[in-house]
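FYI, it's all coordinate maths here, none of it is from the lab. Since we're looking at a predicted model, the values are computed, not measured. Here Cβ is always computed from backbone atoms with ideal geometry, including for glycine, and neighbour counts include all displayed protein chains.
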Amino acid sequence: MTRAPVRLGTAALAAAAGFYHSAAFAQTTVPPSTIDKADTAWMIAATGLVLMMTIPGLALFYAGMVRKKNVLATMAQSMAATFLVSMLWAAAGYSLTFTGDGIFIGTLDRVFLHGITLASISPLAKTIPESLFMLYQMTFAVITVALVAGSVADRLRFSAFLLFSAFWLFLVYVPIAHWIWGGGFLSRYGVVDFAGGLVVHLSAGIAGLVSAIVIGKRRGYGHENLSPHDLTLAVIGTGLLWVGWMGFNGGSALGANSRAVMAITATHLAASAGAFTWMALEWYTRGKPSVLGIISGAVAGLGTITPASGYVMPMQGVLIGLIAGAVCFWACTSLKTRLGYDDSLDVFGVHGVGGLIGTAMVGIFAVGSLSATPELPGGVSGLVEGHSQQLLAQLYGIGVTMLWSAGMTFVILKLVGFMVPLRVRHEDEIIGLDVSQHGEALQ
């Protein structure tokens, strides 16, 4: 005799599993009508794309440009930034950045993700679950911290990097992100940053420059061969970054909409223009276009268009990419040589300078119709449309970001230096960080 299947209701299943008293489950059996399925699906994909930018994208990009004896150590920094920043972001970073209406910092309302349920939404992203908004913003924090490490590749102690990452997240990234994206004083002044020209690229670039100066040059810099070990890794990493940037900039529209598509289009064209310009300049000045130059130009275009991608038309993205390729090429060659600092992987020259240029370009090329809302019918308009105020606001945001990132990075480095040595020993730098820091080596 066959037994009829027993069909348990939702409540019974939850009780059987021990989750009946979970507030998250009890409050969300019926999702609120404001959550849009298409927006949610796109933002899940965008979150995956941005996480891919760090692991494996940035890990491969950076690893391909260092010497063989430091490849694993460089990858380890990207991995460490991913797991460390993710936990700290969930613990308090998200709450301090995106809750409350404080001028300088957020609140602890969401500390350890308290109060986030299946039904909760953020007022800053009303059509997707708050947990997804939190996760998407987490991936931005991860890659920003990981970017800084490129400036001091080949010589930074791993323990120092872990401490630096934790302090830098809370003392530099979180405040700046709150000021601009979380309703802080810069956003109230009118500063806009679509996807991270200030929050990500300029803050990381300035931090990288300060770190390179404080920690000092690599052993043999200027008179030994420090050429990349394997540019094939860097090319693969660039490809992953380029594709991931579709989620980085397109996802910053926080929905599956036309603005996201326009941002993606401008992003791709800016990357293409940046690669072309760097290639052409290197071909003209050095006689041959290098692979390293082409991928550097692409990343310069991507970083520079980031703050402007949701405010400019696609062909303006081409112009911004052309400018990015030229100015970042100059910063990584002439300016770097003149000032004499050792920014190992040109974090300042590409990301810092690119973020600065792109943020200023918003004040020049922003098209109001792209960002128009019922609350702001005219959108964000730049100098080309006859509005000089936006350019002044952008320049103010640049100045504040540079001063805060530089000053706090210096303080953090000194603080970490009291706790552990910042730099590996001379003999450890000679044998390589793979062996000295991790006890491993490539064969």
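Let me check I've understood the local charge: for Met65, count other residues with C-beta under 14 angstrom from its C-beta, Lys and Arg +1, Asp and Glu -1. What total comes out?
Surrounding charge for Met65 is -1.
Computed FRET efficiency, Cβ-Cβ of Phe83 and Ile431, R0 30 Å: what is it to the nearest 0.05? Present the calculation step by step, with values, prior to reporting the outcome.
Values: r = 27 Å, r/R0 = 0.89.
For Phe83 and Ile431, the calculated efficiency is 0.65.
Dividing the Cα convex hull volume of segment 330-422 by residue count, how many Å³ per residue is that?
That works out to 145 Å³ per residue.
Between Cys332, Ala441, Pro123, whose Cα lies farthest towards the positive end of the dipole of the chain when Lys and Arg beta carbons carry +1 and Asp and Glu beta carbons carry -1, centred on the Cα centre?
Farthest towards the positive end: Ala441.
Give the shape of segment 47-135 as rounded, prolate or oblate, defined through the alpha-carbon gyration tensor: a ≥ b ≥ c are the square roots of its eigenvalues, a/c under 1.5 means rounded, and otherwise the shape is prolate if a/b is larger than b/c and oblate if not.
prolate
In whole percent, what relative contact order does segment 34-438 give with Cα contacts below 8 Å and a gap of six or more residues?
Worked out over segment 34-438, it gives 23 percent.
Which length gain, in nm to one decimal place, applies between His114 and Lys68 when the Cα-Cα distance is subtracted from 0.36 nm times their residue separation?
12.1 nm
Hey, got the dipole for segment 34-438? About the Cα centre, +1 on K and R Cβ, -1 on D and E Cβ, debye to the nearest 20?
680
At q = 0.06, 0.12, 0.14 Å⁻¹, what is the base-10 log of I(q)/I(0) for the chain according to the Debye formula with one equal point scatterer per Cα and no solvent? Please give it to two decimals.
So the normalised log intensities work out to -0.26, -0.96, -1.28.
Listing Met43, Met262 from the residue with the fewest other Cβ atoms within 10 Å to the one with the most, what is the order?
If I rank by nearby Cβ atoms, fewest first, I get Met262, Met43.
Just want the ordering: Asp36, Asp101, from fewest to most Cβ atoms lying within 10 Å of their own Cβ.
Going from sparsest to densest Cβ surroundings: Asp101, Asp36.
Between His387 and Lys288, how high is the FRET efficiency from 1/(1 + (r/R0)^6) when r is the Cβ-Cβ distance and R₀ = 35 Å? Nearest 0.05.
After rounding, the FRET efficiency stands at 0.20.
Tell me the label-point distance for the pair Lys126, Leu339, using the 7 Å Cα-to-Cβ offset, in nm and rounded to one decimal.
Inter-label distance under the simple model: 4.3 nm.
Among Thr277, Thr54, Thr127, which comes first, second and so on when ranked by fewest other beta-carbon atoms within 10 Å? Intermediate values should be presented prior to the final figure.
On the way: Thr277 22, Thr54 26, Thr127 18.
Listed from fewest to most nearby Cβ atoms, that is Thr127, Thr277, Thr54.
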